[in-house]
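The values are calculated or read from the model by the stated rules, or taken from the named source; none is laboratory data. In this text the structure is predicted, and so the values were computed from the model without any measurement. Neighbour counts are summed over all protein chains in view; Cβ atoms, including those assigned to glycine, are modelled from backbone coordinates with ideal geometry.
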Amino acid sequence: MMTQYVHQPDFMTGDEFSIPTFSLLNPEGELHSGADEPALERDHARRIYQAMLATRILDERMMAAQRQGRLSFYMQCTGEEAAVVGATAALNDADMIMAQYREQGALMYRGFSIDEFMNQLFGNELDYGKGRQMPIHYGSRKLHYMTISSPLATQIPQATGYAYGQKLAGNGHCTLTFFGEGAASEGDFHAALNMASVHQVPVIFFCRNNGYAISTPAVEQFAADGIAPRAFGYHMHVIRVDGNDVLAVYEATRLARKIAVEQNQPVLIEAMSYRLAAHSSSDDPSGYRSKDEEEVWRAKDPLLRLQKWLLKKQWWSEEEEATQQETLRREVLETMKRAEKRSSPPLESLISDVYADITPALQRQFDQLKRHIRRYPEAYPRGAQSLDLDVGTETDTQGEP
Amino acid sequence: MATMNMLQAINNALDIAMAEDEKVICFGEDVGIFGGVFRATSHLQEKYGKARCFNTPLVEQGIIGFANGLAAQGSVPVAEIQFADYIFPAFDQIVNETAKFRYRSGDLFNVGGLTIRTPYGGGIAGGLYHSQSPEAYFTHTPGLKVVVPRNPYQAKGLLLAAIRDPDPVLFLEPKRLYRASVGEVPEEDYQLPIGEAEITKEGTDITVVGWGAQMEVIGKAVELAEEQGIACEVIDLRSLLPWDADTVAESVFKTGRLVVSHEAPLTGGFAGEIAATIQERCFLYLESPIARVTGLDTPFPLVLEKEYLPDHLKIFEAIRESVNF
């Protein structure tokens, strides 16, 4: 780059740039004047809406189940369904998604079944993760959705590496990684963007700026104009988008994917949205934000906005809405009952997958554990059940007084 | 057979792995055209192109984060951290990500292809930040394998095994021996087993255990002991995670005495793990307390490095005291 010399000191702050927000639909579900409708087929638009609706209903039901004590923990995507599902819908279904933890809408769109969600949430014997992670840590190899990891932002440089491998493989795929505006403060975020730009990697960095990192508001997270301007520092394509407008999210991500795959260039997308629900089932937002503030955003509900657009286009009907909601609620409740009743993963899953093969040292520890459980089966009902021991009745090892 | 120093042996192993499998990719700070600050990756970029051997920005957490993603995608990354002293920015990626990738996904995804190479250890006037032996931080992390070679022959065979191992491996290279250790190394492909210790010298009076650069120091101490008629059995662990407790226990059943030596500080060092395991297994066979000869519980010094290091005289003294207990 040519250096231009000046002879008066001139400090810059970045305020010279102003990054606008790309928006297509207004909250009434009508196109803004001057906006072009994206080339979205009827069936595709319906698939997006149905995934958003299913995510909303799953979240409502599971939060209620958590409150009833049926589930240890839960996190809702509520308010951010457009950002998550819209971005996913713009990808090829074989592109890798490396999410943070609040992106169940992406899995819903790709066809993760309610049973598959439930098995993970209840950590039962059918959970792909073998009951090892807290609820909402989903993963699916067949749906190209990397298993969630609790540490924040670790997935971002991994997405850069994954996409570098895709580039070398020359398969025309890319990786999209989701993260929040809070996670963007982590060192891993900066490492990831810089490396992606230096090495020209087909990766899309999708920031869900939902206003809060647990209780910390965005104004206490960064001093600049959000996350988007950081792209300039890495010489990266960037767009800010209305995260509650699924058409805008879809179109921005579709174009970002073209840049990523056709030019091998990373793209940063900042979706402006709002976390309508609590951070998690363990959080109570009334301690740090007002109902009035929440109401402002409830009026911009991304689900209703898309629904209005679909109804106007006659791609969706009130009757379908009612039937769909009813069907989904029933399915969630029925699958939840099934998942709850299933057995826990076998005791062996405690030691498998640490390594490709169980090491002799770990096997010795496990044999010792099994002997101990046989001695005190009542204290370890899950392990005892897995060892086929009689639990809940007096056993020889306990002895009669 | 060819005569190689340890760097040449490592470079040769990388060359063989890259020629054999185009999924093998080497990267790190200064790893590209320069061939690494120690030249372990010399000529690999010329031979295999910039896409497969390249410089990264100066960001260890990024290097390992990138490597984790690349391995999850199915590639076989060999990531270099320029000095083990600088691995700590990547600690989260290694401990929370690399080590847990397979387990947390129920084996849907893994980063088994990953090898992390990093030079460790003192004796080169490197002071606090070019001398550390951080192995014990990582041996406390299930899911990782930790391997340390002692000479060029071991380095080549163990590195090839690490690259092809189905689990992620942290490969600690004793940098003091990079050029100092020279030996016969087969030019062809071969592997040495991960998880198996090697008895480098048989003896009946006392067992002396170490790994990496410390094996040379132990060798000198044992020479002094042998002059006094003490027959030492010397074991190179080679792999610290998993480690071969059986071979050490078998030896101690025979000798009844054990000295373990490493450069890292005493408290929380890996010698403590060995001592605990061996007293459990061999309690009734022990003739004297298990001795640890290690660095002090201080940061790594500079001018007083010689005083800090567990040298051959300190090990010799420990052997003598154990035998005369």
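Against the numbered list (1) assigned to a loop (DSSP other than H, G, I, E, B); (2) within 14 Å of chain A (Cβ to nearest Cβ); (3) of a type in the set (A, V, I, L, M, F, W, C), B:ALA180 comes up short only at (2).
Taken over segment A:132-171, the criterion of being part of a helix (DSSP H, G or I), crowded, with 24+ Cβ neighbours inside 10 Å and aliphatic (A, V, I, L, M) is satisfied by A:ILE156, A:ALA159, A:ALA163.
Here is a yes/no grid of residues against (1) surrounded by fewer than 16 Cβ atoms within 10 Å (Cβ to Cβ); (2) assigned by TED's automatic domain parsing to the domain that holds B:VAL259; (3) in contact with a Leu (Cβ under 6 Å, 6 or more places away or on another chain):
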position	(1), (2), (3)
B:ALA180	yes, no, no
B:PRO193	yes, no, no
B:GLU202	yes, yes, no
B:ALA213	no, yes, yes
B:GLY219	no, yes, no
B:GLU226	yes, yes, no
B:GLU233	no, yes, no
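Of all residues in segment A:139-155, those satisfying the criterion of being touching a strand residue (DSSP E or B) at 6+ places or on another chain (Cβ under 7 Å) and either facing another protein chain (nearest Cβ under 7 Å) or farther than 30 Å from B:ASN55 by Cα (or both) are A:GLY139, A:MET146.
To keep it simple, each residue is scored yes or no on (1) away from chain B (no Cβ under 12 Å); (2) among the charged types (D, E, K, R).
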| position | (1), (2) |
| --- | --- |
| A:THR177 | no, no |
| A:GLU181 | yes, yes |
| A:SER185 | yes, no |
| A:ALA218 | yes, no |
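Against the list (1) under 19 Å from B:ALA17 (Cα atoms); (2) in a helix (DSSP H, G or I), the condition B:PRO149 fails is (2). If you check A:GLU321, A:GLU331 for being touching a helix residue (DSSP H, G or I) at 6+ places or on another chain (Cβ under 6 Å) and surrounded by 12 or more Cβ atoms within 10 Å (Cβ to Cβ), only one passes: A:GLU331. If you check B:VAL217, B:VAL209 for being away from chain A (no Cβ under 14 Å), part of a strand (DSSP E or B), in contact with a Ser or Thr (Cβ under 8 Å, 6 or more places away or on another chain) and closer than 16 Å to B:ARG292 by Cα, only one passes: B:VAL209.
Taking each residue of segment B:175-193 that is more than 14 Å from B:THR3 (Cβ to Cβ) and looking for partners that are buried (at least 22 other Cβ atoms within 10 Å of the Cβ) and acidic (Asp, Glu) with beta-carbon atoms closer than 7 Å, six or more apart or interchain, yields nothing.
With respect to (1) of a type in the set (A, V, I, L, M, F, W, C); (2) within 11 Å of another protein chain (Cβ to nearest Cβ); (3) out of contact with any Lys or Arg (no Cβ under 8 Å at 6 or more places or on another chain); (4) under 25 Å from B:LEU177 (Cα atoms), the lone exception for B:ILE94 is condition (4). The set of residues from segment B:245-256 being of a type in the set (Ser, Thr, Tyr) and within 14 Å of another protein chain (Cβ to nearest Cβ) comprises just one member, B:THR247. Does segment B:147-166 contain any residue that is crowded, with 22+ Cβ neighbours inside 10 Å, in contact (Cβ under 8 Å) with a residue 24 or more places away in the chain, under 16 Å from B:GLU80 (Cα atoms) and within 14 Å of chain A (Cβ to nearest Cβ)? Within segment B:147-166 (the criterion being crowded, with 22+ Cβ neighbours inside 10 Å, in contact (Cβ under 8 Å) with a residue 24 or more places away in the chain, under 16 Å from B:GLU80 (Cα atoms) and within 14 Å of chain A (Cβ to nearest Cβ)), the answer is yes, since at least one residue qualifies. Only residues that are surrounded by 19 or more Cβ atoms within 10 Å (Cβ to Cβ), out of contact with any Gly (no Cβ under 6 Å at 6 or more places or on another chain) and not aliphatic (A, V, I, L, M) were counted in segment A:45-60, giving 3. Could you tell me how many of the residues in segment A:219-243 are touching a residue at least 60 places away in the same chain (Cβ under 8 Å) and buried (at least 19 other Cβ atoms within 10 Å of the Cβ)? Result for segment A:219-243: 8. The single condition from (1) small (Gly, Ala, Ser); (2) crowded, with 24+ Cβ neighbours inside 10 Å; (3) at the interface with chain A (Cβ under 7 Å from one of its Cβ atoms) that B:ALA79 fails is (3). Only one residue in A:ALA191, A:ALA163 is in the same structural domain as A:ASN264 (by TED's automatic domain parsing), free of Cβ contacts under 8 Å to residues at least 40 places away in the same chain, out of contact with any Asp or Glu (no Cβ under 6 Å at 6 or more places or on another chain) and not basic (Lys, Arg), so which one is that? Residue meeting the stated conditions: A:ALA191. Within segment A:244-255, is there a residue that is surrounded by fewer than 24 Cβ atoms within 10 Å (Cβ to Cβ), assigned by TED's automatic domain parsing to the domain that holds A:ALA51 and part of a loop (DSSP other than H, G, I, E, B)? Taking every residue of segment A:244-255 in turn, none turns out to be surrounded by fewer than 24 Cβ atoms within 10 Å (Cβ to Cβ), assigned by TED's automatic domain parsing to the domain that holds A:ALA51 and part of a loop (DSSP other than H, G, I, E, B). The set of residues in segment A:347-360 that are crowded, with 16+ Cβ neighbours inside 10 Å and either among the hydrophobic types (A, V, I, L, M, F, W, C) or at pLDDT below 95 (or both) comprises A:LEU347, A:LEU350, A:ILE351, A:VAL354. Within the option set B:LEU108, B:LEU114, being under 10 Å from B:ASN68 (Cβ atoms), within 14 Å of chain A (Cβ to nearest Cβ) and either without any contact (Cβ under 8 Å) to a residue 60 or more places away in the chain or among the small types (Gly, Ala, Ser) (or both) holds for one residue only, B:LEU114.
Annotation: of all residues in segment B:2-59 being out of contact with any Phe, Trp or Tyr (no Cβ under 7 Å at 6 or more places or on another chain) and of a type in the set (Ser, Thr, Tyr), the one that is surrounded by the fewest Cβ atoms within 10 Å (Cβ to Cβ) is B:THR3.
Considering only segment B:257-264, I want to know if a residue exists there that is within 14 Å of chain A (Cβ to nearest Cβ), buried (at least 18 other Cβ atoms within 10 Å of the Cβ) and among the acidic types (Asp, Glu). The answer is no, given that none of the residues of segment B:257-264 is within 14 Å of chain A (Cβ to nearest Cβ), buried (at least 18 other Cβ atoms within 10 Å of the Cβ) and among the acidic types (Asp, Glu). Checked against (1) more than 24 Å from A:LEU143 (Cα to Cα); (2) surrounded by fewer than 20 Cβ atoms within 10 Å (Cβ to Cβ); (3) free of Cβ contacts under 8 Å to residues at least 12 places away in the same chain, B:VAL95 meets all criteria but (3).
Taken over segment B:40-90, the criterion of being closer than 21 Å to B:LEU170 by Cβ, within 23 Å of the chain's Cα centre (by Cα) and among the hydroxyl-bearing types (Ser, Thr, Tyr) is satisfied by B:THR41, B:TYR86.
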